[in-house]
1. Based solely on C-alpha atoms, express the radius of gyration and the Dmax of the chain in angstrom.
2. Mind giving me the FRET efficiency for residue 183 and residue 159? R0 is 51 Å, r the Cβ-Cβ distance, nearest 0.05 is fine.
3. Does a label point 7 Å from the Cα of residue 228, set along Cα-to-beta-carbon, have any residues of region 1-41 with amide nitrogen under 11 Å, and which are they?
4. Please tell me which of these pairs span more than 22 angstrom C-alpha to C-alpha: 4/250; 14/116; 17/217; 17/243?
5. State the Cα centre-to-centre distance between region 1-57 and region 95-142 in whole Å.
6. Can you give the charge dipole size of region 48-126 about its Cα centre, rounded to the nearest 20 debye, using +1 on the beta carbon of Lys and Arg and -1 on the beta carbon of Asp and Glu?
7. Residue 172: net charge of surrounding residues, Cβ under 13 Å, Lys/Arg +1, Asp/Glu -1, itself excluded?
8. Using the Cα centre as the reference, give the magnitude of the dipole from point charges on the C-beta atoms of region 166-253 (Lys, Arg: +1; Asp, Glu: -1; all else neutral), rounded to the nearest 20 debye.
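The values are calculated or read from the model by the stated rules, or taken from the named source; none is laboratory data. These numbers were taken from a predicted model, which means no experiment stands behind them. All Cβ positions, even for glycine, are placed from backbone atoms using ideal geometry, and neighbour counts span all protein chains on display. To get the accessible areas, we keep the full protein, side chains included, count just its heavy atoms, and leave off ligands, DNA and RNA. Shrake-Rupley method; radii C 1.70, N 1.55, O 1.52, S 1.80 Å.
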Amino acid sequence: MRKKVIAANWKLYKTPKETRDFFLAFLPHVQGHTRDEIVVCPPFVDIFAAVVAVQASDIAIGIGAQDLYWRSEGAFTGEVSAPMLRGAGCTHVIIGHSERRQHFGETDDSVNAKLKSALLAGLVPIVCVGEVIEEREAGLTEEVLRRQCTRAFAEIAAEDARPITVAYEPVWAIGTGRTATPELAAEAHRVIRSEAAKAFGQTAAAQLRILYGGSVKPENAAALMAEEEIDGALVGGASLDPKSFAAIVKYQG
Ligand code: 13P
């Protein structure tokens, strides 16, 4: 049985003060909740506030960044590296989110480079894959997912791959209120798992956690999480409100 991961992706929302306020309200809701792993990925400037808030509690919550650069250090103005994230108290990092692919030139190759650097630094990478609506309508979903996974997983040894987590986020479901059905998500997850099996072997693939992302809300979380192939959620909009994110974390199966 794979333990589910419920992760928040705050995107470009919240200041450090708003981050502190979020945790003040959120932590009491999830006190004693051990069924699932909880991860919160705020903007870079809020990481410190998030780490301090979590450390002051006795609740195990991972803090993640939303991106990183693959070099450890150097003349790369504006970038943040994996060792820096580790030093700042991060445990996780999102890689290859579709918004970065869409707006910031992220490619399958940069995803691969970032994944390798995250693993090397001991971060848990959450690698995002997913098709756009035109690809789904053209019947290309499986091909797109296979390409994104093959290229992301390239040249990574099976023994190094254990921490990898994947998030299947169909781009047409992100921020649209249009959620993939649990069956449709499960179908995509099976494709991703079969690519992981090719890259890392059956055992590693069976242990791989594949999260679903795209308009996850308190109202649909239970139905999605009931699907055996879905090992958690990557939540955008509904993770910004402490009560709403807590309700997703504590979905009732
Ligand atoms: P929404 O939950 O707002 O659709 O965003 C999903 C997402 O992109 C999480 O990474």
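1. 16.9, 50
2. Values: r = 34 Å, r/R0 = 0.66.
That pair, residue 183 with residue 159, gives E of 0.90.
3. Inside the label zone: 1.
4. 14/116; 17/217
5. Using only Cα atoms to place each centre, the spacing works out to 23 Å.
6. Working: 6 positive and 8 negative charges, 22 e Å.
With only Lys, Arg, Asp and Glu charged at Cβ, the dipole is about 100 debye.
7. On the way: positive: 136, 178; negative: 131, 134, 135, 137, 169.
Net of charged neighbours comes to -3.
8. Details: 8 positive and 10 negative charges, 34 e Å.
Its charge dipole is roughly 160 debye.
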